[in-house]
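The values are calculated or read from the model by the stated rules, or taken from the named source; none is laboratory data. Bear in mind the structure is a predicted one, so any value in this text is a computation, not a measurement. Note that we place each Cβ from the backbone using ideal geometry, even for glycine, and neighbour counts take in every protein chain shown.
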Amino acid sequence: MLRRTFLGAAAAAGVSRAASGWTWGPYRGANTRPTATEEDVKHFASLGGNLLRVNGNTRPLMSKEPPYDILEENFRLLDNVINAAEKYGVGVVIDPHTTPGTEVSTTTRPTDKLWTEFYWHDHLVRLWDKIARRYKDRGDVIAGYDLLNEPSVPNGGQRATPADWNLLAWKLVQTIRTIDTRHPIIIEPPTIRTAEGKYINRLTAISTLRFAKDPKLVISPHMYEPHEFTHQGIQGRPEPVPYPGEIRGRRWDRKALEEVLQPVVDFQKKTGLPIFLGEFSAPRWRGADANRYIRDVIEICEQHGWSWAYHSYREADVWDAEMDNEDRTKRVRLPSTPRLELLKEFYRRNRRA
């Protein structure tokens, strides 16, 4: 039975890692859009970055409207980014980002149809079948397949129901592995809404991941804690919110970030699986405070040997490191900003053949 193929995280990882001796990364990169040009990729490589997580937020690979067709024109855009990345020595994580049965294109929500009927799972299975067949013969330029961006499940992720993220993830792993045994598969921990309405963030919920043995798995949490700081000034949220500073009665500083990321550290120690911090950021106009936050997050990643991808590169002006770090109205890209220099400082640690 499908459920019996699942193992606890520690058992699964311990066997597969020991047997394969496989490692992933280190990658120091950024998120970007599938409309990125060859010149964009070339410029990113010149900064020293070695990974682009290409998301289908605005250019989904499958239509979200009936009859849920594969969108070949958007696949061709992804092909172009992959070809450019291969040319300039940059790895690509394929992140469809959105799927039929989800309300918005930027994330998933516990209220999404995806978690209500297995019918919606089938569309994502079909999409990953298409992706795996298309890219199975590409080389190491494909750094990984990111199954679903930011799963957010209701009802405590009740097992053997459509809200069971572990069940859906394993369906997708099986689908890919019948076609492509070469490329790594990236699984993100969910946020969980319990039946009582309690919220469990994805950093804490990493301990709920259960999966079968696979020799090439990567676990990828996202880091936007505290949300009041990382999303200030966006969609009317209050600002300014300082960092370091007090939020919700708690002092937020490097020590606090280490504390909220401790479940990821614990998970890594138990499983030995590679960790990829797939997204983190703060509004670029928050200047020195935001850049200090980003430095603290990156240094924690470096301390633990995690790969990471800044959000984002030439995708949205909120996060654009090339734009002014003080004035949100200035949207012209500059040859140098404090945030860009900060990223370059760490990108230079990457080695290229």
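Descriptive notes on the structure:
- Checked against the criterion of being among the hydroxyl-bearing types (Ser, Thr, Tyr), in contact with a strand residue (DSSP E or B) (Cβ under 8 Å, 6 or more places away or on another chain), without any contact (Cβ under 8 Å) to a residue 40 or more places away in the chain and within 24 Å of residue 257 (Cα to Cα), the stretch 195-207 has at least one qualifying residue.
- Selection of the stretch 125-147 for residues being under 17 Å from the mean Cα position of the chain (by Cα) and under 16 Å from residue 68 (Cβ atoms) yields only 128.
- Listed by position, the helices (runs of 4 or more DSSP H) enclosed by the stretch 249-353 that each have at least 3 residues that are under 20 Å from residue 239 (Cβ atoms) are 287-304.
- The sole residue among 303, 268 that is surrounded by fewer than 14 Cβ atoms within 10 Å (Cβ to Cβ), over 24 Å from residue 57 (Cβ atoms) and polar (S, T, N, Q) is 303.
- Filtering the stretch 229-247 to residues that are under 22 Å from residue 308 (Cα atoms) and either modelled with pLDDT under 95 or not in a loop (DSSP other than H, G, I, E, B) (or both) leaves 229, 230.
- Residue match in the stretch 231-246 (condition: in contact with a Pro (Cβ under 7 Å, 6 or more places away or on another chain), over 19 Å from residue 319 (Cβ atoms) and either surrounded by fewer than 22 Cβ atoms within 10 Å (Cβ to Cβ) or not β-branched (Val, Ile, Thr) (or both)): no
- Unmet criterion (only one of (1) within 25 Å of residue 259 (Cβ to Cβ); (2) charged (D, E, K, R); (3) in contact with a helix residue (DSSP H, G or I) (Cβ under 7 Å, 6 or more places away or on another chain)) for residue 180: (1)
- Filter result for residue 181 (of a type in the set (Ser, Thr, Tyr) and surrounded by fewer than 21 Cβ atoms within 10 Å (Cβ to Cβ)): yes
- Subset of the stretch 43-77 [within 17 Å of residue 93 (Cα to Cα), part of a helix (DSSP H, G or I) and out of contact with any Phe, Trp or Tyr (no Cβ under 9 Å at 6 or more places or on another chain)]: 74, 75, 76, 77
- Residue 119 vs. criteria within 23 Å of residue 57 (Cα to Cα), in contact with a His (Cβ under 8 Å, 6 or more places away or on another chain) and aromatic (Phe, Trp, Tyr): no
- Criterion violated by residue 170 - all others in (1) touching a Ser or Thr at 6+ places or on another chain (Cβ under 9 Å); (2) free of Cβ contacts under 8 Å to residues at least 60 places away in the same chain satisfied: (2)
- Test: residue in the stretch 190-201 that is modelled with pLDDT of 95 or more, under 22 Å from residue 55 (Cβ atoms) and of a type in the set (A, V, I, L, M): no
- Options 122, 137, 129; residue that is assigned to a loop (DSSP other than H, G, I, E, B), modelled with pLDDT of 95 or more, surrounded by fewer than 23 Cβ atoms within 10 Å (Cβ to Cβ) and charged (D, E, K, R): 137
- Residue check, residue 337 of a type in the set (S, T, N, Q), exposed (fewer than 13 other Cβ atoms within 10 Å of the Cβ) and over 22 Å from the mean Cα position of the chain (by Cα): no
Rundown of residues vs (1) under 20 Å from the mean Cα position of the chain (by Cα); (2) closer than 17 Å to residue 91 by Cβ, yes/no style:
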{"residue": "303", "(1), (2)": "yes, no"}
{"residue": "312", "(1), (2)": "yes, yes"}
{"residue": "322", "(1), (2)": "no, no"}
{"residue": "325", "(1), (2)": "no, no"}
{"residue": "343", "(1), (2)": "yes, yes"}
